[in-house]
Amino acid sequence: MGTRGREIVGEHIDRVLELLNKAFADEWLAYYQYWIGAKIVEGPMKDAVIAELLQHAADELRHADLVSGRIIQLGGVPLTSPKKWFDWTNCGYDEPENPFVEKILEQNISGEQCAISTYNSIIEEIGMKDPVTYNIAVQILEDEVEHEEDLQSLLEDLGVIINK
Ligand code: FE
Ligand code: FE
Ligand code: MG
């Protein structure tokens, strides 16, 4: 780990690591929620929805990778047990008990809205105390904003089909 790179974060390191590990737990749970949702989803426009869910799953896994990379750079340890994801998560896990496409989309939209709020508050809190983590959080926030929009558009298109 780079000593000067850690020094500039200074006294804020513990809090930054806490925020990062909480986000790390969220990303894994979001990844799995999308991944399993893509396997079980049923209903109209299924193929388009599966493609979007799988793309988002891949993005969430990439986010977990970015976040864990920063944790390690700062001398921390990413959560090493999936059991800890539930203790650390901000956004939780919304089990897709109902495989109907509309329900799956709604659950994932709520998840994205939570992710947007979470990264926005990380960005506000960290600010220039840690520009590197700030930049990672901004990159991820951009993706989460796009995810919400993608899912809401799908839900809108689906509404046209269901209600006609
Ligand atoms: Fe994410
Ligand atoms: Fe997302
Ligand atoms: Mg997308």
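The values are calculated or read from the model by the stated rules, or taken from the named source; none is laboratory data. All values reported here derive from a predicted model rather than from experimental measurement. Don't worry about glycine lacking a Cβ; one is built from the backbone with ideal geometry, like all the others, and counts go over all protein chains shown. The protein model used for the area step is the full one, side chains on, heavy atoms only, and it has no ligands, DNA or RNA in it. Shrake-Rupley method; radii C 1.70, N 1.55, O 1.52, S 1.80 Å.
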In the set Glu95, Glu112, the lone residue that is acidic (Asp, Glu), within 14 Å of ligand 1 (Cβ to nearest atom) and closer than 23 Å to Pro44 by Cα is Glu112
Could you tell me whether any residue of segment 129-145 is acidic (Asp, Glu), over 13 Å from the mean Cα position of the chain (by Cα) and under 17 Å from Val67 (Cβ atoms)? yes
Run Asp143 past the list (1) farther than 17 Å from His63 by Cβ; (2) of a type in the set (Asp, Glu); (3) open to solvent by less than 70 Å² (accessible area, probe 1.4 Å); (4) in a helix (DSSP H, G or I) and report the number of the one that doesn't hold. (1)
Filtering segment 16-54 for residues that are without any contact (Cβ under 8 Å) to a residue 24 or more places away in the chain and either within 13 Å of ligand 1 (Cβ to nearest atom) or of a type outside the set (A, V, I, L, M) (or both) leaves a count of 4
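From the list Val77, Val132, Val160, Val101, which residue is away from ligand 2 (no atom under 16 Å from the Cβ), open to solvent by 40 Å² or more (accessible area, probe 1.4 Å) and under 24 Å from Glu52 (Cβ atoms)?
Within the list Val77, Val132, Val160, Val101, the selection yields Val160.
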If you scan segment 118-145, which residues turn out to be hydroxyl-bearing (Ser, Thr, Tyr) and away from ligand 1 (no atom under 12 Å from the Cβ)? Ser121, Thr133, Tyr134
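Residue by residue, here is whether (1) acidic (Asp, Glu); (2) out of contact with any Gly (no Cβ under 7 Å at 6 or more places or on another chain); (3) closer than 22 Å to Val145 by Cβ; (4) within 16 Å of ligand 3 (Cβ to nearest atom) holds:
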position: His56; (1), (2), (3), (4): no, yes, yes, yes
position: Leu61; (1), (2), (3), (4): no, yes, yes, yes
position: Ala64; (1), (2), (3), (4): no, yes, yes, no
position: Ile71; (1), (2), (3), (4): no, yes, no, no
position: Lys84; (1), (2), (3), (4): no, yes, no, no
position: Asp87; (1), (2), (3), (4): yes, yes, no, no
Starting from residues that are small (Gly, Ala, Ser) and without any contact (Cβ under 8 Å) to a residue 40 or more places away in the chain, keep the ones in segment 106-129 and report whichever is farthest from ligand 2 (Cβ to nearest atom). Gly127
Matching residues in segment 71-103 - criterion: being in contact with a strand residue (DSSP E or B) (Cβ under 9 Å, 6 or more places away or on another chain) and part of a helix (DSSP H, G or I): Val101
Take the residues of segment 146-163 that are polar (S, T, N, Q) and part of a helix (DSSP H, G or I): which is nearest to ligand 1 (Cβ to nearest atom)? Gln152
Quick one: is Ile71 open to solvent by less than 50 Å² (accessible area, probe 1.4 Å), of a type outside the set (S, T, N, Q) and away from ligand 2 (no atom under 16 Å from the Cβ)? yes
When restricted to Asp14, Asp47, the only residue open to solvent by 80 Å² or more (accessible area, probe 1.4 Å), assigned to a helix (DSSP H, G or I), more than 16 Å from ligand 2 (Cβ to nearest atom) and over 25 Å from Leu79 (Cβ atoms) is Asp47
